[in-house]
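Participant: Below is the structure I would like to discuss, written out as structure tokens.
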Amino acid sequence: MKKTILFILISLKLFAQQVTLNGVVKDSLTGNPIEFANIILTEINIGASSNTNGSFSLEIPKAGKYLIKFSHVGYRTYSKNFEITKNSYFEINLIPSEILLEQTTVLSSLPKFRETPVANKDYDNFQIEKNLGNRDAGFIMESSPSVFISSLGGGMGDYKISIRGFNHTNIAVMLNGVPVNNLENGEIYWSNWAGIADVLERVNVQRGLGANPYSISSIGGSVNFLTKGVNSLNNFAKFSMEFGSDNFQKKTIAFSQQILGNSLLLTSFISKKDWDGYVDQTWVDEFSYYFALGGIYGNHSLELQAIGSPQEHGQRLTMLTIDEWKLYGKNFNPDWGYLNGKPLNLRDNIFHKPTFNLNHNWQINQNWILSNILYYSYGDGGGTVPPWANFSKTENGLIDFDSEWGKNSKNVNTNFHPLLNYTENALRFTVHRHNWFGVISNARFKKENIEISTGIDARYYSAQNYREVGNLLGGDYTIGSSNFNLDPNKLLFKGDKVDYNADSYVRQIGGFLQSEFQFGDLLTFANISVSSTGYKRLDYFNYLNDDPFRETSWFDIFGYTIKSGANYNLDNFNNLFFNIGYFSKAPLAENVYDYTNHKFENIKNEKIFNVELGHGLNTYDFKITSNIYFTEWKDKAISKMISDVNTNQFYFFNLSGASARHMGIELSSVWQPEKFLRLEGMFSNSINKWTDNVFAVVAPESDPTQQTIISSYVKNVFVGGSPMTTAFLGIEYENIFNQNFTISLNPILKFFGNHYADFNPNLRTNVNDENVNSWKLPNYFILDFHISAFVNLNLSYLEKVIIHINSFNILNNKDYIIDAIDGTSHSSQSALVWYGRERWWNFSLSFEL
């Protein structure tokens, strides 16, 4: 078999014995190589990317004079006519783009290879287009060490990301440098940016403290999704069609055009996606749009970006035990049923969150640049949720909506109304609306070996959160609004508010100062940032309208970050880097005010300490980075509620002392033994544990004798929720048969192990749980396979045809578990789990005009 494969590879290469162009692309200021630079011969429309050492190789049909364009994000595009003879070699130096239309504020915070002392990984738009398929954008990061992406219940956009064992509430996620974590709870709702994959230019993943200079705290790391700007593409037009498993269909139109030279440029994308879902009733109806409009005006540039994805999709949010999945099937969805012969979802999501960025850069002089980002986002939507009581089920496990309809349509309750039918368990619709304003301003001074940046970042967020009566399932009304201002027996009709109604507010302002100094082969940086985070609530249901306690005061919390690091280039191939940092992080809103405006006692900042040491080796055809890290998280808030037996009043406490330690090793490598063959590998292993039990004696202020002992037995227990061992191996074979046809083959093998089920430390109150780990999920491998073909037609009406074929889980592993919640017995019998998706495929066909 091995001989056959080798024979095929050699045979394929015999077709490509053309004139060879070799070269290297470097940074004009530092002389460092630039990886993933794009090299395009515009006349014959073929190209390549530089490897990890900045080197590139292109096979050209014949010798001659060609116009070659060199480009990379953050550098000025360079084009020139070159005379190419046999075995030509060129060294190209690209000039960093300090102004033009690139987002200077964003790019200045991104790490640079052999300079910035942080563990990170970059993905360019070519990698994203080839390997992502029809998956959500975050899945492109699965080749990064210590990164885990779980698709959870399988709904489109319903997934989670963890880095170094920390979930996304402790990861700074940014879109073009703008933070998108929800300001109340730190959550990321990926369906709000469902169409972002269509417009990505680059994704940068930083693990640990990272190089981000702003006052945005991240424990596990940060992810920055950078979209295509108006200066990132030449004039073009593109139409794409995608098809895939379970009736996936998507159509995309994209174009970029100079309208008034450099004074006005426009880039725009529109797509429409429909999908039945591989899980029962997880359908998707999505429309996505993006545009960037801007230009250069003297020593200023302006760019307006807008992105949005109005969408609706069915969800599966109820986890089951392994035995229950075996009974009903792994694609079964317990969150739906039939009503009068038509499917009805108990869980769905409808949302639209348009986001607008206004980017401004001002080249004050040769040394000073001022960059500003003003942003605004409006969110509107929600989702269907069940009532407080459970519905009955049919024999096949679906919700028996028909029986509910039959009961409610003949349920006249004269205690409430003599004629109308009463529904006891109506469906609810959760409504969320928010307005989000922000500014990031950065003044940057750069001269020779010194770079200093300082600025502010400020955000203001206000949200409406309430529920309303949804489907009455055959009845005419329901009761029980929970509104203190209404008669408890008031009739409620569809659209009336029910359960809760409150507004929440968050304000945050921070400042930062960062300096970088370069002394020969040594580069050091130091950063300090401070922030103030304030929370406030207005509750319309739990207080009378004239009660002053219905609105809380602002509660502001001070936080800060101190971090430093250094990178030393030992020689032309080896470098060492080190970083250390400490930050005091304000708790989330849920650990300040509960959902009835009660402020918790003993509110403390969470404290995080991180240290990291790494090594890089970079030769002509080989690159490997390795690092070890240590992160300690102290005073993680555990919230509890107790009651005063005399007054029945509730008191709310934060229990301090919970701490966890995450430490591990990470390796990432790329080897290109031949210009047509590239191998990429990754391995990470960590030990993530809770380090202390939490004990507290609390009492209400009204009676100190009413002492309650609260315990959380988590000491020496592994932190659950993500695998502590991951590995990745990818092999990419690319062959240019001639100037008109290129093919790429890319199998990828992934491994996930040492994954313990997630659990809530608040519930570990039994002393028998001490030193007992949650259930450990079985280890598993997944094999994917990607094929890409590029056909240059060079017609007046059609330049190129691009084909991508992606097959995921090609060996059809049917029994792998991707996520779990621990049960009472800490075993497979009591755990609630999610199974991974069986084999599936995606096909895309694109036409560039």
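Participant: State the number of residues belonging to region 485-513 that are part of a strand (DSSP E or B) and not hydroxyl-bearing (Ser, Thr, Tyr).
Facilitator: Taking region 485-513 first, the residues part of a strand (DSSP E or B) are 492, 497-513.
Retained after the next criterion (residues that are not hydroxyl-bearing (Ser, Thr, Tyr)): 492, 497-499, 501-503, 506-513.
Residues in region 485-513 being part of a strand (DSSP E or B) and not hydroxyl-bearing (Ser, Thr, Tyr): 15 in total.
Participant: Ser774 - would you say it is without any contact (Cβ under 8 Å) to a residue 12 or more places away in the chain and of a type outside the set (Lys, Arg)? Spell out how you get there, then give the answer.
Facilitator: Numbers: without any contact (Cβ under 8 Å) to a residue 12 or more places away in the chain: no; of a type outside the set (Lys, Arg): yes.
When the stated conditions are applied, Ser774 does not pass them.
Participant: With the condition kept exactly as written, say whether any residue in region 306-318 is open to solvent by 10 Å² or more (accessible area, probe 1.4 Å) and farther than 30 Å from Leu200 by Cα.
Facilitator: Checking region 306-318: at least one residue is open to solvent by 10 Å² or more (accessible area, probe 1.4 Å) and farther than 30 Å from Leu200 by Cα.
Residue-by-condition table, conditions (1) modelled with pLDDT of 85 or more; (2) more than 16 Å from Ala658 (Cβ to Cβ):
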residue: Asn605; (1), (2): yes, no
residue: Leu613; (1), (2): yes, yes
residue: Asn618; (1), (2): yes, yes
residue: Asp621; (1), (2): no, yes
residue: Asn627; (1), (2): yes, yes
residue: Phe630; (1), (2): yes, yes
residue: Trp633; (1), (2): yes, no
residue: Lys636; (1), (2): no, no
residue: Ser639; (1), (2): no, no
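Participant: Can you pull out every residue in region 401-420 that is surrounded by 14 or more Cβ atoms within 10 Å (Cβ to Cβ) and touching a residue at least 40 places away in the same chain (Cβ under 8 Å)?
Facilitator: Once the filter is applied, which keeps residues that are surrounded by 14 or more Cβ atoms within 10 Å (Cβ to Cβ) and touching a residue at least 40 places away in the same chain (Cβ under 8 Å), region 401-420 yields Phe401, Asp402, Glu404, Trp405, Lys407, Asn408, Ser409, Asn411, Phe416, His417, Leu420.
Residue-by-condition table, conditions (1) outside any helix (DSSP H, G or I); (2) hydroxyl-bearing (Ser, Thr, Tyr); (3) touching a strand residue (DSSP E or B) at 6+ places or on another chain (Cβ under 7 Å); (4) within 30 Å of Arg316 (Cα to Cα):
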{"residue": "Gly406", "(1), (2), (3), (4)": "no, no, no, yes"}
{"residue": "Ala426", "(1), (2), (3), (4)": "yes, no, yes, yes"}
{"residue": "Gly438", "(1), (2), (3), (4)": "yes, no, yes, no"}
{"residue": "Asn442", "(1), (2), (3), (4)": "yes, no, yes, no"}
{"residue": "Glu451", "(1), (2), (3), (4)": "yes, no, yes, no"}
{"residue": "Asp457", "(1), (2), (3), (4)": "yes, no, yes, no"}
{"residue": "Gln464", "(1), (2), (3), (4)": "yes, no, yes, yes"}
{"residue": "Leu473", "(1), (2), (3), (4)": "yes, no, no, yes"}
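Participant: Starting from residues that are part of a loop (DSSP other than H, G, I, E, B) and among the charged types (D, E, K, R), keep the ones in region 266-284 and report whichever is least open to solvent (accessible area, probe 1.4 Å). Before you say what the answer is, go through the steps one by one.
Facilitator: Filtering region 266-284 down to residues part of a loop (DSSP other than H, G, I, E, B) leaves 276-283.
Right, trim to among the charged types (D, E, K, R) and you get 276, 280.
Values: Asp276: 84, Asp280: 61 Å².
Filtering region 266-284 for residues that are part of a loop (DSSP other than H, G, I, E, B) and among the charged types (D, E, K, R), the one least open to solvent (accessible area, probe 1.4 Å) comes out as Asp280.
Participant: Another one. Looking at the structure I just gave you, is Thr116 modelled with pLDDT under 90, in a helix (DSSP H, G or I) and closer than 30 Å to Lys634 by Cα? So that I can check it myself, show each step before the final result.
Facilitator: On the way: modelled with pLDDT under 90: yes; in a helix (DSSP H, G or I): no; closer than 30 Å to Lys634 by Cα: yes.
It is false that Thr116 is modelled with pLDDT under 90, in a helix (DSSP H, G or I) and closer than 30 Å to Lys634 by Cα.
Participant: Kindly provide the set of residues from region 578-602 that are of a type in the set (Gly, Ala, Ser) and not in a strand (DSSP E or B), ordered by number. Lay out the reasoning, then the answer.
Facilitator: Of region 578-602, the ones of a type in the set (Gly, Ala, Ser) are 581, 584, 586, 589.
If the condition is that a residue be of a type in the set (Gly, Ala, Ser) and not in a strand (DSSP E or B), then Ala586, Ala589 are the ones that fit.
Participant: Turning to a different aspect of this structure: Working only within region 127-169, note down all residues that are more than 18 Å from Trp834 (Cα to Cα), at pLDDT 90 or above and aliphatic (A, V, I, L, M).
Facilitator: Ile140, Met141, Val147, Ile163 - these are the residues of region 127-169 that are more than 18 Å from Trp834 (Cα to Cα), at pLDDT 90 or above and aliphatic (A, V, I, L, M).
Participant: Name the single residue that is least open to solvent (accessible area, probe 1.4 Å) among those in region 481-491 being in contact (Cβ under 8 Å) with a residue 12 or more places away in the chain and over 24 Å from Ala463 (Cβ atoms).
Facilitator: Among them, the one singled out is Leu491.
Participant: Can you tell me which condition Ser301 does not meet? The list is (1) touching a residue at least 40 places away in the same chain (Cβ under 8 Å); (2) within 28 Å of Trp840 (Cα to Cα), and all the others hold.
Facilitator: The one condition Ser301 does not meet is (2).
Participant: Which of (1) out of contact with any Asp or Glu (no Cβ under 7 Å at 6 or more places or on another chain); (2) farther than 30 Å from Gln127 by Cβ does Leu811 not meet, given it meets every other one?
Facilitator: Result: Leu811 fails condition (2) only.
Participant: Just to be sure before I move on: is Met663 within 29 Å of the chain's Cα centre (by Cα), among the hydrophobic types (A, V, I, L, M, F, W, C), open to solvent by less than 60 Å² (accessible area, probe 1.4 Å) and at pLDDT 90 or above in the structure I sent? Steps first, answer last, please.
Facilitator: Values: within 29 Å of the chain's Cα centre (by Cα): yes; among the hydrophobic types (A, V, I, L, M, F, W, C): yes; open to solvent by less than 60 Å² (accessible area, probe 1.4 Å): no; at pLDDT 90 or above: yes.
Criteria not met by Met663.
Listed here are the residues, each with its yes/no results for (1) in contact (Cβ under 8 Å) with a residue 24 or more places away in the chain; (2) of a type in the set (Ser, Thr, Tyr).
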| site | (1), (2) |
| --- | --- |
| Leu265 | yes, no |
| Asp274 | yes, no |
| Gly277 | yes, no |
| Trp283 | yes, no |
| Tyr290 | yes, yes |
| Leu293 | yes, no |
| Glu312 | yes, no |
| Asn331 | yes, no |
| Gly341 | no, no |
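Participant: Would you please list the contacts, defined by Cβ atoms under 6 Å and residues six or more apart or on different chains, that run from a residue in region 607-619 that is open to solvent by 10 Å² or more (accessible area, probe 1.4 Å) to a residue that is among the aliphatic types (A, V, I, L, M) and part of a strand (DSSP E or B)?
Facilitator: Val611/Ile580; Leu613/Ile628; His615/Leu576; Leu617/Ile624
Participant: Further, regarding this structure: Would you check which residues across region 798-815 are surrounded by fewer than 18 Cβ atoms within 10 Å (Cβ to Cβ), touching a residue at least 60 places away in the same chain (Cβ under 8 Å) and closer than 20 Å to Gly329 by Cβ and list them?
Facilitator: Listed by number, the list holds a single entry, Lys814.
Residue-by-condition table, conditions (1) of a type in the set (S, T, N, Q); (2) under 27 Å from Tyr189 (Cβ atoms):
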{"residue": "Lys446", "(1), (2)": "no, no"}
{"residue": "Glu468", "(1), (2)": "no, yes"}
{"residue": "Gly475", "(1), (2)": "no, no"}
{"residue": "Lys490", "(1), (2)": "no, no"}
{"residue": "Gln508", "(1), (2)": "yes, yes"}
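Participant: Here's a check for you: in region 678-694, which residue that is open to solvent by less than 40 Å² (accessible area, probe 1.4 Å), part of a strand (DSSP E or B) and in contact (Cβ under 8 Å) with a residue 60 or more places away in the chain is nearest to Asn87 (Cα to Cα)?
Facilitator: Here is the first cut: in region 678-694, the ones open to solvent by less than 40 Å² (accessible area, probe 1.4 Å) are 680-682, 684, 686, 688, 690-691, 693-694.
Keeping just the survivors that are part of a strand (DSSP E or B) gives 680-682, 684, 686, 688, 690, 694.
Now narrow it down to the ones that are in contact (Cβ under 8 Å) with a residue 60 or more places away in the chain: 680, 682, 684, 686, 688, 690, 694.
Working: Glu680: 27, Met682: 34, Ser684: 40, Ser686: 47, Asn688: 52, Trp690: 59, Val694: 69 Å.
Among those residues, the one meeting the criterion is Glu680.
Participant: Determine, yes or no, whether Lys494 is open to solvent by 60 Å² or more (accessible area, probe 1.4 Å) and over 19 Å from Glu404 (Cα atoms).
Facilitator: no
Participant: Also, quick follow-up: Check every one of the strands (runs of 3 or more DSSP E) wholly within region 219-265 and list those with 2 or more residues that are closer than 25 Å to Ser796 by Cα, at pLDDT 85 or above and charged (D, E, K, R). Spell out the reasoning first.
Facilitator: Working: elements: 221-227, 236-244, 248-258.
Ranges flagged: 236-244.
Participant: Let me ask something else about it. When you scan region 526-544, do you find a residue that is touching a helix residue (DSSP H, G or I) at 6+ places or on another chain (Cβ under 6 Å), part of a loop (DSSP other than H, G, I, E, B) and either open to solvent by less than 50 Å² (accessible area, probe 1.4 Å) or not aromatic (Phe, Trp, Tyr) (or both), even just one?
Facilitator: Step one: filter region 526-544 for residues touching a helix residue (DSSP H, G or I) at 6+ places or on another chain (Cβ under 6 Å), giving 535, 539, 543.
Cutting the leftovers down to part of a loop (DSSP other than H, G, I, E, B) gives us 543.
Remaining after also requiring either open to solvent by less than 50 Å² (accessible area, probe 1.4 Å) or not aromatic (Phe, Trp, Tyr) (or both): 543.
Yes, because at least one residue in region 526-544 is touching a helix residue (DSSP H, G or I) at 6+ places or on another chain (Cβ under 6 Å), part of a loop (DSSP other than H, G, I, E, B) and either open to solvent by less than 50 Å² (accessible area, probe 1.4 Å) or not aromatic (Phe, Trp, Tyr) (or both).
Participant: Oh, and also: Can you go through Ile68, Ile46 and tell me which one is at pLDDT below 80, over 30 Å from the mean Cα position of the chain (by Cα), more than 23 Å from Lys446 (Cβ to Cβ) and open to solvent by less than 30 Å² (accessible area, probe 1.4 Å)?
Facilitator: Details: Ile68 fails: at pLDDT below 80.
It is Ile46.
Participant: When residues of region 514-525 are filtered for being in contact (Cβ under 8 Å) with a residue 12 or more places away in the chain and surrounded by fewer than 16 Cβ atoms within 10 Å (Cβ to Cβ), how many remain?
Facilitator: Residues of region 514-525 that are in contact (Cβ under 8 Å) with a residue 12 or more places away in the chain, as a first pass: 514-519, 521-525.
Now restrict to residues that are surrounded by fewer than 16 Cβ atoms within 10 Å (Cβ to Cβ): 517, 519, 521-522.
Adding up the residues that qualify gives 4.
Participant: Check Phe781, Phe847, Phe751, Phe843 and return the single one that is of a type in the set (A, V, I, L, M, F, W, C), open to solvent by 30 Å² or more (accessible area, probe 1.4 Å) and in contact with an Asp or Glu (Cβ under 8 Å, 6 or more places away or on another chain). Before you say what the answer is, go through the steps one by one.
Facilitator: Values: Phe781 fails: in contact with an Asp or Glu (Cβ under 8 Å, 6 or more places away or on another chain); Phe847 fails: in contact with an Asp or Glu (Cβ under 8 Å, 6 or more places away or on another chain); Phe751 fails: in contact with an Asp or Glu (Cβ under 8 Å, 6 or more places away or on another chain).
Sole residue among the options that is of a type in the set (A, V, I, L, M, F, W, C), open to solvent by 30 Å² or more (accessible area, probe 1.4 Å) and in contact with an Asp or Glu (Cβ under 8 Å, 6 or more places away or on another chain): Phe843.
Participant: Also: Can you find, within region 423-462, the residue that is surrounded by the fewest Cβ atoms within 10 Å (Cβ to Cβ) among those that are within 21 Å of the chain's Cα centre (by Cα), more than 20 Å from Leu513 (Cβ to Cβ) and hydrophobic (A, V, I, L, M, F, W, C)?
Facilitator: For region 423-462, the residue satisfying everything is Phe437.
Participant: Looking only at region 554-571, decide whether some residue is without any contact (Cβ under 8 Å) to a residue 60 or more places away in the chain, outside any strand (DSSP E or B) and either β-branched (Val, Ile, Thr) or closer than 30 Å to Val439 by Cβ (or both).
Facilitator: Yes, some residue in region 554-571 is without any contact (Cβ under 8 Å) to a residue 60 or more places away in the chain, outside any strand (DSSP E or B) and either β-branched (Val, Ile, Thr) or closer than 30 Å to Val439 by Cβ (or both).
The values are calculated or read from the model by the stated rules, or taken from the named source; none is laboratory data. The structure presented is a predicted model; accordingly, all values stated were derived computationally and were not measured. When we count neighbours, we look across all protein chains shown, and the Cβ atoms used for this are built from the backbone with ideal geometry, even at glycine. We work out accessible area using only protein heavy atoms, side chains counted, and drop any ligands, DNA or RNA first. Shrake-Rupley method; radii C 1.70, N 1.55, O 1.52, S 1.80 Å.
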